[in-house]
1. Pick out, from Met84, Ala58, Val73, the residue whose Cα sits farthest towards the positive end of the charge dipole of region 50-94, with +1 on the Cβ of Lys and Arg and -1 on the Cβ of Asp and Glu.
2. Between Arg90 and Trp63, with labels modelled 7 Å along Cα→Cβ, what's the label distance in nm to one decimal, could you check?
3. About the Cα centre of region 50-94, what is the dipole size in debye to 20, counting +1 per Lys and Arg Cβ and -1 per Asp and Glu Cβ, all else neutral?
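Laboratory data are not the source of any read-out in this text; all were calculated from the coordinates shown. Owing to the predicted nature of the structure, the values given are computational and were not obtained by experimental measurement. Here Cβ is always computed from backbone atoms with ideal geometry, including for glycine, and neighbour counts include all displayed protein chains.
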Amino acid sequence: MKPIARLLLIVIVLFAAAPLSAQQQPPPKPAAQDAFVPVDTPNNQQETIPAQRLVGIAYGLIWVLLLGYVWSVRSRLARVEREMEALGRRTARP
């Protein structure tokens, strides 16, 4: 596509889209959204979240992951120490 044709197409698209965006009116706000209205009870019992159980599961998962990581680092460190000890015995000169 030639640069002039491309520029002409962009200008046409922009001028065609301008009236469409100008015609759209924002929807009117309902009266309940003008101020904060506290809700005493949820409208549906399915909307409640078992927060204590989810927090407990999250903390448990974090502890399991942390202990797994510490165990992994400990086992890798022990393996490196064994290899260093074996290397020291091999390279020791009498």
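1. Met84
2. About 4.3 nm separates the two model spin labels.
3. 200
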